[in-house]
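Scroll down for the structure; my scribbles are underneath it.
The values are calculated or read from the model by the stated rules, or taken from the named source; none is laboratory data. Bear in mind the structure is a predicted one, so any value in this text is a computation, not a measurement. Here Cβ is always computed from backbone atoms with ideal geometry, including for glycine, and neighbour counts include all displayed protein chains. To get the accessible areas, we keep the full protein, side chains included, count just its heavy atoms, and leave off ligands, DNA and RNA. Shrake-Rupley method; radii C 1.70, N 1.55, O 1.52, S 1.80 Å.
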Amino acid sequence: MQQGGIDPTDPESIERLAAFLVERGVLDELTLERARRAQRQSGERFDLVLTRLGLIAEADLARLLAEFLDLPLVDPAQLPEVPLLPDRLQLPFLKGNRIIPVADRGDRLLVAIADPFNTEAAAALSYLLGRPVDCGVMAAGDIERALERLYGRGDTVASEAGAEDAGQASEDDVRRLEDMASEAPVIRLVHELITRAVEAQASDIHVEPREDSVRVRYRIDGELSTVETLPLSLRAAVTSRVKIMAHLNIAERRLPQDGRVKSTVRGKPIDLRVSTMPTMLGESVVLRILDRSSVQLDFAPLGFQGAVLDTLKALLAQPNGIILVTGPTGSGKTTTLYTALNLLNKADSKLFTVEDPIEYQLAGINQIQVQPRIGLTFAHALRSILRQDPDIIMVGEIRDLETAQMAIQASLTGHLVLSTLHTNSAAASITRLMDMGVDDYLLASTLTGVLAQRLVRRLCQRCSAPADEVPRLLAGLGERGRDLGGLRKKVGCRACRNTGYLGRTTISELLVMGEGIRRRVLERGSESALEAAAIENGMVTMFDDGLAKALRGETTVEEVLRVTRMG
């Protein structure tokens with residue numbers, strides 16, 4: 001019997017659910033027809049089709065189904081700290097039905113279930129325990145994480161693989177690799193690794209061969225941590241599965257390869273950028289997770305505020321000039337540039353980008369992927385873009401003199417140019433361009449501003465506590481009018497995976513080309529001379545910006561010292 005008389009495979013029930021979703025503004029008629037067509041062709045349940053196509057996120061669907069079926073929505077915070085009835089309930093049953101006990105009320109049991117239409121599971125529990133079972137709805141991902149936390153992972157995929165346990169797979173037989181990569185346990189393993197990484201808000205998945213095993217690590221908030229150690233027998237199968245997903249050549253193991261995967265995780269569309277690299281022990285695989293739904297293209301949530309934000313917006317409002325964003329790999333430069341483009345993307349402006357690679361597709365912006373193998377370099381693309389009558393151009397990175405000269409030429413002909421450099425500070429960007437061979441007078445007349453930035457981890461707001469001591473570096477700052485009472489320290493809780501940090505924010509310094517700096521550029525001044533002139537012109541250094549965030553309790557002094565390399 002279906003929940004509330006609703007059968008998600010019955011046409012009449014489907015229409016009732018569809019009408020409810022349209023009424024709630026979740027679906028429009030176009031996407032609804034797409035879902036209906038997919039459901040008819042696949043024979044899958046209508047609600048499952050919605051998440052598989054990425055039309056509704058899994059968590060949103062759980063909330064909507066709870067409302068539709070008049071059932072409570074169970075929050076993960078309501079879950080117990082220890083397993084309920086562990087001697088009576090078996091993990092395979094709970095995992096297979098994606099159901100978890102939430103509260104033992106003596107005469108009744110409250111459970112959360114991912115599929116509220118699966119009334120048989122609750123009925124079986126009621127029969128087993130000899131008492132009524134009340135159901136609430138919870139997203140499948142939350143249930144799976146809770147089961148893993150409370151009961152462990154149970155049988156590993158490696159044991160399911162069976163045949164792979166016998167020994168190392170042969171990497172010379174391409175057909176064998178394809179067969180291995182297509183086996184259900186391997187497909188399930190790779191999908192689970194990706195799903196867990198997305199749910200943990202990881203930016204990268206690293207699959208690394210070792211002498212006796214395969215190590216899987218996630219980069220979360222900039223820090224790498226090991227999440228899985230797989231048997232060596234799965235190395236070839238996992239690598240081949242990822243290559244098949246990214247449409248790479250599974251027979252080529254001597255050269256690096258790059259590819260892209262479009263996937264759906266918990267109803268959310270996800271892009272994965274795949275890179276393989278041959279090493280002595282086998283191929284190292286890195287998957288960069290590009291989750292567009294988790295990226296906020298707004299300066300304030302990124303950590304920009306106050307005078308820096310006002311000045312940056314003023315620079316972006318100028319009709320021409322060059323604005324550079326600088327910092328090491330992984331410092332958030334691309335996100336900052338995308339946020340600037342999002343701000344500038346107006347109906348009366350034509351925007352072009354030249355990128356390597358294109359990380360996110362931006363509506364209304366002409367994005368070009370460089371392809372050096374066919375001669376489409378940054379400089380070549382930039383030269384051609386100038387014939388397309390653009391207003392604003394974003395160049396992914398200035399790597400050589402030719403690209404720098406083309407960017408300057410674009411600025412001199414009335415275009416606003418945004419780009420990046422890999423330098424440690426704003427002032428170092430100017431000396432780097434001069435070292436490339438850019439003429440000082442051209443640099444002084446076209447460069448309008450340089451933003452240097454880093455990402456620091458945010459303190460977890462649930463568990464951070466007031467600092468019980470002031471770092472020695474700051475001991476004397478109180479005498480200069482600094483209020484050190486806002487300093488906080490990391491503690492650690494379940495929400496932040498016991499790290500004390502949750503999420504990241506930006507610290508930055510913005511160098512604006514004033515007369516004093518231009519004079520020093522024309523004198524070919526040193527990096528320290530340029531930085532002194534910028535500070536005299538009002539620039540707040542990256543360390544001071546980070547310190548201000550630490551004093552507001554957003555991060556720690558140790559984090560600021562770590563990324564600014566002052567400690």
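Brief remarks on what is shown
- Anchor residue 489: lysines whose Cα lies under 30 Å away (excluding residues fewer than 8 positions away in-chain): 333, 549
- Once both labels are positioned 7 Å from their Cα atoms along Cα-to-Cβ, the gap between residue 191 and residue 389 label points is 5.0 nm.
- Cα gyration tensor shape for the chain, rounded if a/c is under 1.5, else prolate or oblate: prolate
- Judged by the ratio a/c of the largest to the smallest principal axis of the C-alpha gyration tensor, the range 194-290 counts as oblate, that ratio being 1.5 or greater while a/b is no larger than b/c.
- Straight-distance crosslink candidates among aspartates and glutamates, where the alpha carbon sits under 12 Å from residue 490 and sequence neighbours closer than 8 are dropped: 468, 554, 558, 559
- Heavy atoms of residue 224 accessible to a 1.4 Å probe, total area in Å² rounded to 10: 60 Å²
- Each residue was assigned an accessible area with a 1.4 Å probe, and for residue 346 the value is about 110 Å².
- Accessible surface of the chain, 1.4 Å probe: 49 percent of it comes from carbon and sulfur atoms.
- Spatial separation of Cα centroids for the range 378-454 and the range 488-551, in angstrom: 22 Å
- Probing with 1.4 Å while keeping every protein chain in the model, the per residue accessible area of the chain equals 47 Å².
- Checking the Cα-Cα distances for 313/350; 313/346; 262/350 against a 21 Å cut-off, the pairs over it are 262/350.
- Overall form of the range 337-403 per C-alpha gyration tensor (a/c, 1.5; a/b vs b/c): prolate
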